[in-house]
Amino acid sequence: MLGEYRIVGRRASEIAASVERGVGTGDLEPGQLLPPMRELATELGVNPNTVASAYRTLRERGVIETAGRKGSRVRPRPASTARGTIGVEAPPGVRDLGEGNPDPALLPPLHEALAAAARRNAQEPGLYGQAPVDAEFGRLARAAMDADGVPDGPVAVTSGSLDAIERVLAAHLKPGDAVAVEDPGWGSLLDLVSALGLKPVPVALDDDGPLPGEVRKALAGGARALIVTDRAQNPTGAAVSKSRARELRAVLAQFPHTLLIEDDHGHAIVDLPLHPLAGPTDSWALVRSTAKAYGPDLRVAVLTGDAVTVDRVMGRQGLGPGWVSRLLQRAVVQLWRSGAVDPREVARSYGQRRDALVQALAERGIEAHGRSGMNVWVPVPDETGAVTRLLRAGWAVAPGARFRMSSPPGVRLTVSGLAMDEIGQVADAVAAAAGRAPARSYG
């Protein structure tokens with residue numbers, strides 16, 4: 001069953017460590033079937049409960065998985081190549097519409113905000129033992145969420161949206177648990193879910209967000225968590241509408257023990273109102289990153305949620321990095337107070353280019369989606385062919401494989417690097433490369 005590798009140990013911790021060593025060295029490969037607990041207990045001369053404890057530890061660590069009478073196997077490893085590396089390198093002379101970065105021209109200069117934070121630090125040095133959340137940062141962040149109808153909850157600060165989502169998932173779930181995710185969805189999130197040993201369950205969506213029937217199916221099937229992008233969904237640009245939010249809250253009310261995570265990274269770059277889903281479930285979290293509006297390198301995101309969730313996140317954070325730099329938090333406060341970013345102008349700029357591209361594609365008979373944010377999703381019958389033909393035409397786009405699980409093929413175009421007078425050229429190239437695709441939901 002195990003070839004030449006022999007599991008050894010007398011205590012549960014020793015047996016678990018022996019299996020982990022075999023996995024680490026490659027002697028136990030992904031999918032390798034482990035001996036039944038009683039059989040291994042007899043071989044090692046220990047009580048079957050000892051082996052059961054070892055296998056339980058290995059499951060909790062995400063090393064093995066158990067499928068009832070089919071036995072326990074070494075879990076498949078997360079993909080060694082992240083979805084973010086699935087892309088097309090733009091050679092010289094080719095315009096890159098696949099990176100997904102914000103328009104640098106819409107990002108505020110940071111020198112004054114950082115200088116202000118440094119001056120305050122000179123007066124009030126940041127030291128060990130101080131509160132992890134700057135008081136003014138917390139007040140302003142909470143006030144903005146109150147204005148958008150986000151339920152009351154404590155505020156934490158993380159190093160970006162993905163850091164927050166990872167910490168919330170780890171606070172509630174264990175390897176093997178199922179998580180309902182949008183499909184197509186954020187590639188980095190799909191990588192993260194798998195890397196944590198969790199099982200992603202695809203949920204189809206349309207321009208108004210996840211389809212309620214799909215969410216109900218996923219939760220009824222055992223998914224313990226649901227992750228939803230409220231606005232500027234990546235890659236489709238979907239935004240949860242008021243009516244869709246009402247439908248989704250009704251579904252969540254049927255599954256009150258579900259962990260709900262909302263990603264509102266579109267805050268301050270979209271002009272559509274937020275329709276939060278939080279309320280029907282016991283555990284919830286909403287995260288807002290400063291990346292798209294103020295700069296990806298700030299690495300500051302606001303997290304709120306129920307008291308237990310936020311307390312667990314902050315407790316674990318305190319044992320690792322401790323806190324997100326209060327210098328950066330104070331710099332963000334300065335940016336907020338100074339009005340360095342006009343959300344209406346940013347939303348107008350992205351919206352003008354996005355809407356123009358969607359309209360130009362429609363005029364050429366091409367289905368495209370982009371209700372909010374900076375991305376446009378174009379379903380195509382042949383993803384590889386479309387990407388290749390666009391590259392030859394001088395445009396690099398993001399392959400849909402970076403974002404898809406079971407949804408149909410497509411490509412993502414980011415409009416942040418486009419000028420208005422280039423919209424027609426891009427639309428012509430996409431029309432030539434993609435062909436027609438019938439209207440449908442993304443899943």
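Report, in degrees rounded to the nearest 10, the 0 to 90 angle that the Cα long axis of helix 161-172 makes with the longest principal axis of the chain.
So the helix axis and the longest Cα principal axis differ by about 30 degrees.
Test of understanding: what is the full-extension gain from ALA250 to GLN130, defined as 0.36 nm times their sequence separation minus their Cα-Cα distance? Working shown, then result.
On the way: separation 120, 0.36 × 120 = 43.20 nm, distance 4.11 nm.
Result for the pair: 39.1 nm of gain on full extension.
Quick check: pseudo-label points 7 Å beyond the Cα along Cα→Cβ at GLN352 and ARG299, how many nm apart are they?
Placing both labels 7 Å beyond Cα along the Cβ direction yields 3.5 nm.
Work from the charge dipole of the chain (Cβ charges, +1 for Lys and Arg, -1 for Asp and Glu, about the Cα centre) and give the residue of VAL46, HIS257, PRO276 farthest towards its positive end.
Of the options given, the answer is VAL46.
Report the charge-dipole magnitude of region 12-74 in Debye, nearest 20, computed about the Cα centre from +1 at each Lys and Arg Cβ and -1 at each Asp and Glu Cβ. Mind dumping the intermediate values first?
Values: 8 positive and 8 negative charges, 56 e Å.
That gives a dipole near 260 debye.
So how far apart, in nm, are the two label points at GLN359 and ARG392 if each is 7 Å from Cα heading toward Cβ?
In this crude label model, GLN359 to ARG392 measures out at 3.2 nm.
Label ASP382 and ASP27 with points 7 Å out from Cα along Cα→Cβ: what is the distance between them in nm?
In this crude label model, ASP382 to ASP27 measures out at 4.9 nm.
For region 12-74, just the Cα atoms, rotate onto the principal axes and tell me the three extents in Å, largest first.
Principal extents (largest minus smallest coordinate, Cα): 27, 25, 20 Å.
How high is the relative contact order of the chain? Use alpha-carbon pairs under 8 Å, at least six apart in sequence, and give a whole percent.
Working: 875 pairs, mean separation 83.3, N = 443.
Taking the mean separation of contacting Cα pairs over the length of the chain, I get 19 percent.
Give the Debye-formula value of log10 I(q)/I(0) at each listed q (0.19, 0.29 Å⁻¹), with one equal scatterer per alpha carbon of region 137-184, two decimals each.
Summing over Cα pairs of region 137-184 leads to -0.83, -1.09.
Rounded, prolate or oblate for region 244-307? Axes are the square roots of the Cα gyration tensor eigenvalues, ordered a ≥ b ≥ c, and the cut-off for rounded is a/c under 1.5.
It comes out oblate by the Cα gyration axes.
Output the Kirkwood hydrodynamic radius of region 95-139, Cα pairs only, in Å rounded to one decimal. Show your work: numbers first, answer last.
Numbers: mean 1/r = 0.0724 Å⁻¹.
For region 95-139, the Kirkwood estimate is 13.8 Å.
Stretched out fully, how many nm does the piece from ASP282 to ARG337 gain, at 0.36 nm a residue minus the Cα gap? Intermediate results must be reported in sequence, preceding the final value.
Values: separation 55, 0.36 × 55 = 19.80 nm, distance 3.38 nm.
The span from ASP282 to ARG337 would gain 16.4 nm if fully extended.
Output the 0 to 90 degree angle, nearest 10, between the alpha-carbon long axis of helix 242-253 and the longest principal axis computed from the alpha carbons of the chain.
Orientation of helix 242-253: about 10 degrees from the principal axis.
Can you give me the convex hull volume of the Cα atoms of region 111-338, divided per residue and expressed in Å³?
Hull volume normalised by residue count: 111 Å³.
Looking at region 270-310, I'd like the Rg to Rh ratio, where Rg is from alpha-carbon atoms and Rh is Kirkwood's inverse mean 1/r. Kindly include the intermediate steps, with their values, before the conclusion.
Numbers: Rg = 12.6 Å, Rh = 12.0 Å.
Rounded to two decimals, Rg/Rh equals 1.05.
Once the convex hull of the C-alpha atoms of region 251-399 is built, how many Å³ does it hold per residue, rounded to a whole number? Display every interim value, and only then the final one.
Details: hull volume 27.8 nm³, N = 149.
Per residue, the Cα convex hull of region 251-399 comes to 186 Å³.
Relative contact order, percent, of region 325-394 when contacts are C-alpha pairs under 8 Å separated by at least 6 residues? Can you show the working numbers first?
Values: 36 pairs, mean separation 13.6, N = 70.
The normalised contact order for region 325-394 reaches 19 percent.
To the nearest 20 Debye, how big is the dipole of the chain about its Cα centre, given +1 on the beta carbon of each Lys and Arg and -1 on that of each Asp and Glu? List each step's numbers first, then the result.
Details: 51 positive and 50 negative charges, 203 e Å.
Computed charge dipole of the chain: roughly 980 debye.
Count charges around PRO154 for me, please; just the other residues with Cβ under 11 Å from its Cβ, Lys/Arg as +1, Asp/Glu as -1. Walk me through the numbers on the way to the answer.
Details: positive: ARG142; negative: ASP152, ASP306, ASP311.
Result for the neighbourhood of PRO154: -2.
Which residue, chosen from VAL203, LEU28, VAL376, occupies the Cα position most advanced towards the positive end of the dipole of the chain, where the dipole is computed from +1 (Lys, Arg) and -1 (Asp, Glu) charges on Cβ about the Cα centre?
Result: LEU28, furthest along the dipole toward the positive end.
With the cut-off at 21 Å, report for region 131-244 the share of all Cα pairs above it, as a whole percent.
Working: 2928 of 6441 pairs.
Summing the P(r) tail past 21 Å for region 131-244 gives 45 percent.
Helix-derived [θ] at 222 nm for the chain: sum -39500 (n - 2.57) over DSSP H runs of at least 4, divide by residue count, nearest 500?
Details: 15 runs with 176 residues, N = 443.
Theoretical 222 nm ellipticity from helices: -12500 deg cm²/dmol.
Quick check on region 322-362: take the gyration tensor over C-alpha atoms, sort the square-rooted eigenvalues as a ≥ b ≥ c, and tell me if it's rounded (a/c under 1.5), prolate or oblate.
oblate
Say a paramagnetic label sat at a point 7 Å from the Cα of ALA144, along Cα to Cβ; which residues of region 295-318 have their backbone N under 15 Å from it?
Answer for this model: 295-304.
On average over all directions, what projected area in square nanometres does region 24-179 have, based on the convex hull of its Cα atoms?
Working: hull surface 72.0 nm².
Reported value for the Cα convex hull: 18.0 nm².
Based on the Cβ-Cβ distance of LEU319 and LYS242, what FRET efficiency does E = 1/(1 + (r/R0)^6) give at R0 = 56 Å, to the nearest 0.05? Before the final figure, lay out each step's value.
On the way: r = 40 Å, r/R0 = 0.72.
Computed FRET efficiency for LEU319 and LYS242 comes out at 0.90.
What is the calculated FRET efficiency for THR42 to ALA170, with r their C-beta to C-beta distance and R₀ = 25 Å, to the nearest 0.05? Each step should come with its number before you reach the end.
Details: r = 36 Å, r/R0 = 1.44.
Computed FRET efficiency for THR42 and ALA170: 0.10.
At 25 °C and a viscosity of 0.890 mPa s, what translational diffusion coefficient does Stokes-Einstein give for the chain, taking Rh as the Kirkwood radius over Cα pairs? Give it in µm²/s as a whole number.
Details: Rh = 23.7 Å.
Translational D for this selection: 104 µm²/s.
Stretched out fully, how many nm does the piece from GLU60 to ASP152 gain, at 0.36 nm a residue minus the Cα gap? Let's see the in-between values first.
On the way: separation 92, 0.36 × 92 = 33.12 nm, distance 3.23 nm.
Once the chain is fully extended between GLU60 and ASP152, it gains 29.9 nm.
For region 103-193, how big is the tail of P(r) above 21 Å, as a whole percent of Cα pairs?
Working: 2351 of 4095 pairs.
Roughly 57 percent, once rounded to a whole number.
Just flag the trypsin sites (Lys or Arg not before Pro) in region 1-49 sitting in loop per DSSP whose Cβ has no more than 11 other Cβ atoms within 10 Å. Write down the numbers at each step before the final one.
Details: sites: ARG6, ARG10, ARG11, ARG21, ARG38; in loops: ARG6, ARG10, ARG11.
Hits after loop and neighbour filter: ARG6, ARG10.
Can you tell me which of 385-391, 243-249 comes out highest on packing, and rank the rest after it, using the mean Cβ neighbours within 10 Å? Can you show the working numbers first?
Numbers: 385-391: 20.1, 243-249: 17.4.
Averaged packing, sorted descending, gives the order 385-391, 243-249.
Here, each number is a calculation from the coordinates, and none is a lab measurement. Just so it is clear, the structure is predicted and the values come from calculations on it, not from any experiment. Note that we place each Cβ from the backbone using ideal geometry, even for glycine, and neighbour counts take in every protein chain shown.
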